[in-house]
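Read-outs throughout are calculated quantities, based only on the coordinates presented, and are distinct from any laboratory measurement. On a predicted model such as this, the values are computed, not experimentally measured, just so you know. FYI the Cβ positions are ideal-geometry reconstructions off the backbone, even for glycines, and counts take in every protein chain you see.
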Amino acid sequence: MSNHLNLLMQNYCRPVTLAGKITHDLFPLEKGCGEGKTLLAKAPAVLLQVQEFDPCGLAQSYQDKVTGAELPVFAVFNLEGKQQSTFEITADLLPTSSDRSGLEAKLPFEKGQSFVKKMNERRMRVERAITIIIGMLGTLPVLAYGLSRLMGAGGTEPFVFLGAWLLGAMLVYMIGVNLLDRLCPWRKLVITAEFNGILPREAREKARTARDHFDKLYLVVDQQGRWKSDVLPDPAPRALDPLLVGEVKQGGTSRFFVIHQFDLTEAEQYLADEFSVKPD
């Protein structure tokens, strides 16, 4: 188990007893009858001995030594989801999760935004200069119009001149920004976490059992130094030793529980352990 995951368990978990969902083998036809309802009402509650997990622990980050980018220490994978998770961080926008109460939404991507702004520092400086110049040019006809009114000048000529000047300033600004987009486009940080491994038999059996009692199952891994990106150094290969975390939704909120901690196995080792014929 990595040191980060050990500290996560020590500082953000506490042992609790969770009332699991009632499991039964009744068919829908049976559940609707009186006897079925009686059986379900008297079925004993399933008690689970687990560790309640505070998702605030996932807000930890680290600074990449080569680029200086601040990235999340952990990555989260939905056990029913994809093998890869890709996130885009721009100077203005952060990655969003479809499930805002889910575990993935707790990752601190906002801390990497300062690095993205630094990558776009030249672009932001030039665009700021263009905005200031066009803004100054746009105020000149307004001042001229105000002076002309104070001096008693009439007619429609000042209005025509003012409208034409402002329209020209807007066109110059649009052309300048468009040219800037081509010469110095916005840069973004795209990082990818990849899950590569096989759950050992014990972990898989626990995950299958837990599926009946939790709304979602996640794997939390130590991702420090393992993020993939065009601007980051190549990650060093390292075995994953994830935490199996379950989510229970209650009244619009979510609670999280650590179910199991384990080391992943390679496919070859899994085949050898599960399907090899052992001598008597």
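General observations
- Spatial separation of Cα centroids for region 192-251 and region 85-127, in angstrom: 22 Å
- ³J(HN,Hα) computed for each position of region 106-116 - Karplus, 6.51 cos²θ - 1.76 cosθ + 1.60, integer Hz, glycine/proline x: 8, 6, x, 5, 4, 6, x, 6, 5, 5, 5
- Placed amide H near LYS216: partners under 5 Å, 5+ positions off or other chain: GLU247
- Counting only lysines at least 8 places from LYS228 when in the same chain, those with an alpha carbon closer than 22 Å to its own are LYS65, LYS82, LYS106, LYS111, LYS117, LYS118, LYS188.
- Reachable lysines, given that their alpha-carbon falls under 18 Å from the alpha-carbon of LYS21 and they are not under 8 places away in the same chain: LYS31, LYS37, LYS42, LYS206, LYS216, LYS249
- Interchain or long-range residues, amide H under 5 Å from LEU240's placed H: LEU264
- Spacing of the two label points (7 Å from each Cα toward its C-beta) at ALA45 and ILE132, in nm: 6.5 nm
- The orientation-averaged shadow of the Cα convex hull for region 1-92, equal to a quarter of the hull surface, comes to 10.9 nm².
- Once C-alpha pairs closer than 8 Å and six or more residues apart are averaged by separation and normalised to the residue number of region 1-146, the relative contact order reads 19 percent.
- Evaluating 6.51 cos²θ - 1.76 cosθ + 1.60 at θ = phi - 60° for every residue in region 167-172, the Karplus couplings come out as 4, x, 5, 5, 5, 4 Hz, glycine and proline recorded as x.
- Backbone HN-Hα couplings from phi across region 89-96 [Karplus 6.51/-1.76/1.60, Hz, Gly and Pro as x]: 10, 10, 5, 10, 10, 10, x, 10
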